[in-house]
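Reviewing the structure listed below.
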Amino acid sequence: MKSKKTWWRVVALLVALALIAAACSSDDEPTGDATTTTAPSATTAPTTPATTTPAGPKTIIIGTTDVISSLDPADYYSTADWELGRLVNEPLVRFQPGSNSVLEPGIASLPVASADGLSYEVTLRDGLVFGDGLELTLDMAVEQLNRLMNADLQASAPNQVGDVLAISYLESIEAVGDNTIRFNLLGPAGFYPQILAGAPFVVSHPDVYAANEINLLPDTPLYGLGPWIITDITPAEQTVLEPNPFYTGTYPAKVDQVIVQRFSTPSAMADAVREGEIDIAWRLLGAQAADELRSVSSLTVETIPQAPIRYLIVNHSDGWVTADPLVRQALAAAIDRDELSDVVFGGAVTPLYSPVPPGFLGANEAFEDAYQAPNNTLAVDLLTQAGYSESNKLQLDLGYPPEHYGVTTADGVLQISQQWEATGLIDVNAIVQDWATYVSDCTNGVAFDVCVLGWFFDFPDAENYLQPFIEGDGLGTMVLCPSESCGDAVTTGTDPQLNQLLLEQRAETDPDRRAALLGDLQDVYAAEVVTIPLWLEPEFIIYRDGIVGDSSLPSPETLNIGPDFEFIYSVLDVVG
Amino acid sequence: MHPLLIVFLIFGVPAVLGLAWVFLRGSESLRRYILTRIALTVPMVLILISVVFLVLRVMPGDVVSSTLGPKASDATRASITEALGLDDPLIVQYFKFLGDVVTLDLGDSFIGARRPIVDELGERLPATLELIIPAAIFALGSGILFGTYAAIRRKRPADYGFRLYSVIVYSMPIFWLGLLLRLVFSVWLDWTPIAGRIDVVTNTTLDRTTNLLFVDSIISGNWEALKSVLHHMILPALTLGLVLSGVFVRLTRINVIETLQEDYVIAARARGIRERAVTYGYALKNAMIPVVTVIGLQVAILLAGAVLTETVFNWPGMGRYLIQRILLRDFQAVQSTVAVFALFVAMISLAVDVIYSVLDPRVKY
Amino acid sequence: MATELESPPDPGQVPQWELELQQVGLVRRMLRARRWHGTDWWFVAISSVMVAAFLVIAVFPQWFASHDPLEQVGPRLLSPGELPEQEILVVPVDGSIAAISDFELDVRTPVAVAQDTPSSDAARDEADRITDEIAAAGGEGRVRLRIARFETVGEALDSVVAGDAVAAVISSTAFDDLTADFPTLQSSGAVSSAAQDATSFPLGTNQVGQDVLSRLIWGARIAVIIGFSASIASFVVGVPLGLLAGFIGGKTDRALTLIMDSIYAFPGLILAIAIAAVLGPSIFNIIVAIAVLYIPTYYRIVRGQTLQSKEELYVEAARSLGAKSKVILGRYIFPNVIPSVAVIFSVNVADAILTGAGLSFLGLGLPPSTPDWGIDLARGQEFIRSAWWLITFPGLAVMLVVLAFTMMGEGLVEIFNPKLRER
């Protein structure tokens, strides 16, 4: 029968094909196509001589694992949304690339506060033209901005960004005179200019984004007032940007094309940057991968000053063991943040001693001052006072999500459990719960005593690290679900100073006085143990030799990415 | 034209033609059997899809909450719930779902990228196919080869050697084998790339029509892309193929042994026909029949193995997509993916059963 | 070629060696069988020893594991057999500090270390030890450190030179390399003044400093629990159903067979994933998920055997003599089913362990800190470049265990009945 021979031939053919392909491809240059060139790339062993780049269009490929959630400015939510959003659309004002404290004009002038502090005015620049040639008018601008104030529109949007950044602070947005936009506030908020620097406060193209409809994934080419045009989107895979010829702002594009390539896992991205398939790796790489890439000579690995934090939400509801302030304080005292950082992350994360990370106005180390953790003597004292003993141990339910914050969460939770159990008076029951149900269960106070959560600011100010946790009756939406649908969790006896100080610092315009108020607020926060801050997550940027940022701006070694994680592709250039 | 449709055409057209040929040429009872068999497919698929539908509605975990997060207002929750049709009674949802599946209106993935699910599957089904087809070819080829050889040389060293080989590769967890191969060939030797289907840069030069990158690169004459695709494909396909070849070696060996013990073989030997002719002429042909049947069942193993292989090699296929979606409680995507899986498996087993019934004259129906 | 097949099996004639075997006791039979079955006997013998060893380890892991699998017992990512380096305290030459015990109490003294090294652990351990000493002697006060972490050893030493840190803790080999660059700094000896044995670990440590070997041993327990429980559950459900379906026939048979075929035809792992995801993460749910997968296998085999046995003469005879169905099933049919089921059970356990490892590899089912082979493999992926031992050994363990059970099943198949069809 011939079938045996036929099979054999087919198998042999395929194996031969594969081997030939492997043999040929292993000598391949990573950049194979003549029209796209990048800086000369060196593969790891075996080394090949660097290719000379022929004079041609400059393309930069950026790798990321971030997911685009929405490309409608009234709904920009994820970091990827904000990043692309501020490239296609020019914001009203922006932070200088590399800083998160210096505001500069965008399409409008710096905001000017009114005498009573209840409104801000910005003046639009002249001669603003969208990427397809449409000229901007004042009414157009106000109409597009008012999409953030449109409650119905926001209700139909997946992310309700307008609720958080506009509707809760503003009364209205209106046009004044020929070219001025006025933001009328509900109450004094000295930090509001920083909110205006956020990605949702852009003037988007009126033909693409209608007043009463959310357009999550608009067609390409996508035009805005910004330095870039999105020419192609393959969802969840690739986004291609090219310079906007009508751009008149401060940061025009320097290269001819930027491709943002999405990877599904950080390790795939790490390998791609190692092999030279991409030029820059940005977002969610992880400390281990960054560490391994440090040893590759053609790559530069830089750490961005940290902004996202991890913390423990503590359940303050009546009837739960953590409603007792003594218990909460004991938990805060028994945590060993250094051990957490060393054992679980190899020292890659920085211990955090206050809800407000260092570097923000008014940040102090309230938890360190209050507890000098790890302080088992204090913890045991407090627990004994609260009525616990060897025979009557504190039973604690500690919740955490399995992979949303990375697989190291489980290791961290194990360490924390061991630290608390080392007091001899606590039994920890670690409960893993999938992300889908976890957040609401964690924040509505009906499932866990303590649970792990992360936070990244909406705008770079201490306000945004405090207000979500303190508000109204003393505990904000992140600690207690405000909606009736969340259950019957009730809290009594929260220190009223929390809310008081929050409102005071918000209304304060003098930075020194505000810093003092913030310091007091953090001290009360620590005494109350509203939440237990744990550590700061580092973020890494990795790029190949030949990619440079703008040396006239702060922090060129991190490609001008500052603590707000805003990556402006316009600063990028290819040399050599 | 939608890639998903193209894939179904590539496999569907020959299948339908083959079925028609068998139907026309076959006997009355064969036709009845085929019709019954096709009729049976429908309840099988229906059961599977319905089970998935129910299971997902019962799952703890509220899609709405997981998408919107804790800050969402009640009004938003209500509007999204309405948009997804989650407030309709279960029966209504069920029939709407069935209707959607039939018209291939698989809805939008509501979490993450929010794309129409047909598009997502249109990219991922071809990816999975590009993984399992080379693996299956390798497994079948090596399996039949080694299995036959082992059966012929029964109780000799070669037999035990191949049995040991088959048992060892079958015992290896697929994901471990994949990781080891990655470690050796991608990390230590740097011969193969570590993940993905194709180089990032080469990808931008390739026109994707079917999303079967192998086919696409040949169609467009893009040899650079073809090299890249093969280069990326070899380790994952080898992983899956090796583990499966263990199964086929065992299977072929047992069946050939049994066939060689059949009366007619002994009779042929007694008549003086040379051993070689006996083996190839009589035994193998008939031994292949049960092997063919089992191929249909092995599709299940292939798909299961594909899930693990895709996870290890970051292969953007349907298996990995399914797991991600289950963990995200994106039930729209999950029920659609499982439906596609079920259809696929049903199609293959139908085809195999029909082939089996044609090949084996002993089967009564 | 004609000699390859031993005596052509004529159903009417029992071979001499089989007759002989029937005449001796079990043990003798087992040993004599070696002569007749040859290599197959060795397959079964070796694999039984492996299975027995595995079971002993799984039931009594504490006898074999030298460390607690959940405790940090050493520096992270130590390779097999590697000895951790000695950490030393580096201080300014003209300073007054010579050891951590010289640090001021109750003040956070800044100490510089390099990231991703055990230096910070060593420094903190020493600080804790001194604090304990003070407390034991009846005193008050704690030695507290403010650890400043730097990307490289050089940067850490720079901060000591600049006065930002009082001292640095680094490995002695690292300091030897850099002594020349830092003339104003000197080593004041080992960080810890207490005598310490540096231990190595036979299979290394993982990313949080747990001993890989101990985790492997404790992982065996989880594997056994999952494997056996799931197989027993499948057995308990599948066999009676198969007997019933085969015996009763008719509509029950057709309906059951349809359901079983649907489950059987569907990719098993995906079904298990779906079930595990629905039920939630716990070991019990994993067992249920895997058990469901294998019920059809038992069902089909038992049903087939029952159908065959039903037609036997002696069953008809029993029926005509008025024996009740229960009796027929129990006394005549069930014993015929046992040999095939026994073989399937052993292969089933192997498959169940494999599927269980697959499920925990994908992150479903077990709490992430459980010492489980699948979980260890999944975590080890991240370190594939720097720590090859994290993925090699857990996978090897799975393979060996599955191999043992499968080989046992395979060998038994050949020995019990060479004509037995496999599925």
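Is it the case that the stretch A:319-341 has a residue that's within 24 Å of A:G406 (Cα to Cα), away from chain C (no Cβ under 14 Å) and either in contact with a His (Cβ under 7 Å, 6 or more places away or on another chain) or among the polar types (S, T, N, Q) (or both)?
no
For the stretch B:137-155, does any single residue satisfy the condition of being facing chain C (nearest Cβ under 8 Å) and part of a helix (DSSP H, G or I)?
yes
Looking at C:S369, C:S340, C:S346, which one is within 30 Å of B:R182 (Cα to Cα) and either part of a loop (DSSP other than H, G, I, E, B) or assigned by TED's automatic domain parsing to the domain that holds C:A245 (or both)?
Just a single option satisfies the conditions, and that option is C:S369.
Inspect all residues belonging to the stretch B:213-220 and state whether any of them is among the small types (G, A, S), away from chain C (no Cβ under 11 Å), crowded, with 19+ Cβ neighbours inside 10 Å and over 30 Å from B:Y149 (Cα atoms).
Looking through the stretch B:213-220, at least one residue is among the small types (G, A, S), away from chain C (no Cβ under 11 Å), crowded, with 19+ Cβ neighbours inside 10 Å and over 30 Å from B:Y149 (Cα atoms).
I'd like to check something: does the stretch C:280-288 contain any residue that is of a type in the set (F, W, Y), free of Cβ contacts under 8 Å to residues at least 40 places away in the same chain and surrounded by 24 or more Cβ atoms within 10 Å (Cβ to Cβ)?
No; the residues of the stretch C:280-288 include none that is of a type in the set (F, W, Y), free of Cβ contacts under 8 Å to residues at least 40 places away in the same chain and surrounded by 24 or more Cβ atoms within 10 Å (Cβ to Cβ).
Take the conditions of a type in the set (V, I, T), surrounded by 17 or more Cβ atoms within 10 Å (Cβ to Cβ) and part of a helix (DSSP H, G or I) and apply them to C:I170. Does it pass?
So C:I170 does not fit the description; no.
Any residue that is in a helix (DSSP H, G or I) and away from every other protein chain (no Cβ under 12 Å) - is there at least one of those in the stretch C:255-268?
Yes; the residues of the stretch C:255-268 include at least one that is in a helix (DSSP H, G or I) and away from every other protein chain (no Cβ under 12 Å).
Considering only residues that are hydrophobic (A, V, I, L, M, F, W, C) and facing chain C (nearest Cβ under 7 Å), which ones fall in the stretch B:161-179?
Passing the criteria: B:V167, B:I168, B:M172, B:F175, B:W176, B:L179.
Residues A:E557, A:E537, A:E566: which one is within 23 Å of A:I313 (Cβ to Cβ) and touching a strand residue (DSSP E or B) at 6+ places or on another chain (Cβ under 9 Å)?
Going through A:E557, A:E537, A:E566 in turn, the sole match is A:E537.
Given the conditions (1) within 8 Å of another protein chain (Cβ to nearest Cβ); (2) out of contact with any His (no Cβ under 6 Å at 6 or more places or on another chain), report the number of the one that B:P193 does not fulfil.
Failing condition for B:P193: (2).
Please work out if C:G209 is assigned to a loop (DSSP other than H, G, I, E, B) and exposed (fewer than 14 other Cβ atoms within 10 Å of the Cβ).
no
Just the residues that are in contact (Cβ under 8 Å) with a residue 40 or more places away in the chain, out of contact with any Lys or Arg (no Cβ under 7 Å at 6 or more places or on another chain) and β-branched (V, I, T), please, taken from the stretch A:417-444.
A:T423, A:T443
Just give me the residues in the stretch A:110-157 being charged (D, E, K, R) and buried (at least 21 other Cβ atoms within 10 Å of the Cβ), in sequence order.
Listed by number, the list holds a single entry, A:R147.
The values are calculated or read from the model by the stated rules, or taken from the named source; none is laboratory data. This structure is a prediction, so every number in the text was calculated from the model and none was measured. Note: ideal-geometry Cβ built from the backbone for every residue, glycine included; neighbour counts use all protein chains shown.
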